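See below for the structure under consideration.
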Amino acid sequence: MAIPLLICDDSSMARKQVARSLPTSWSVEVSFAKNGLEALEAIRAGKGEMVFLDLTMPEMDGYGVLETVKNESLKCVIIVISGDIQPEARKRVRSLGALEFIKKPINQEKLCAVLETYGLMTRG
């Protein structure tokens with residue numbers, strides 16, 4: 001059964017890049033969101049058991065999504081994909097419940113390694 005995967009980034013190019021970086025053997029059903037409000041709506045609708053989340057977005061940023069997911073105890077695994085590589089950002093997203101932090105631009109090998117490390121995907 002395919003995993004509902006949500007890619008949330010305000011940049012269309014970044015969303016496409018993340019989607020292209022997904023392992024072809026990974027069974028996922030991909031949805032997209034342009035901001036945090038859309039992401040929360042998709043998560044609540046069951047379209048984001050796994051979420052790849054940008055931090056800097058209009059309307060609601062990634063921190064707001066993480067805080068809401070935590071406060072509402074929404075069931076999803078969040079991996080932050082962001083260009084903000086400050087140690088404080090990494091620490092803050094972890095404290096808000098993000099599983100991992102991957103630097104933009106995304107690297108397929110790094111993404112696969114993270115997915116394998118946490119048992120979210122195995123190579124076939």
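Quick notes
- Unmet requirement for residue 107, which otherwise passes all of (1) farther than 20 Å from residue 43 by Cβ; (2) in contact with a strand residue (DSSP E or B) (Cβ under 9 Å, 6 or more places away or on another chain): (2)
- Residue 57 satisfies every condition listed in (1) more than 14 Å from residue 77 (Cβ to Cβ); (2) surrounded by fewer than 17 Cβ atoms within 10 Å (Cβ to Cβ); (3) of a type outside the set (S, T, N, Q); (4) in contact (Cβ under 8 Å) with a residue 12 or more places away in the chain except (2).
- Among residues of the range 1-10 being in a strand (DSSP E or B) and not β-branched (Val, Ile, Thr), the one that is surrounded by the most Cβ atoms within 10 Å (Cβ to Cβ) is 8.
- Entry remark, the range 49-68: residues being assigned to a loop (DSSP other than H, G, I, E, B) and either under 17 Å from residue 114 (Cβ atoms) or aromatic (Phe, Trp, Tyr) (or both) number 3 in total.
- When the range 84-123 is filtered for residues that are assigned to a helix (DSSP H, G or I), in contact (Cβ under 8 Å) with a residue 12 or more places away in the chain, under 17 Å from residue 63 (Cβ atoms) and not β-branched (Val, Ile, Thr), the ones remaining, listed by number, are 89, 92.
- Residue satisfying all of: in the range 11-35; in contact with a helix residue (DSSP H, G or I) (Cβ under 9 Å, 6 or more places away or on another chain), among the aliphatic types (A, V, I, L, M) and not in a strand (DSSP E or B); surrounded by the fewest Cβ atoms within 10 Å (Cβ to Cβ) among these: 22
- Among the residues of the range 69-83, those identified as in contact with a Gly (Cβ under 8 Å, 6 or more places away or on another chain) and in a helix (DSSP H, G or I) are 69, 70.
All of the numbers you see were taken from the coordinates with simple rules; none came from a lab. For clarity, every value in this text was computed on a predicted model and none was experimentally measured. Every residue, glycine as well, gets a Cβ built from its backbone with ideal geometry; the counts of neighbours run over all protein chains shown.
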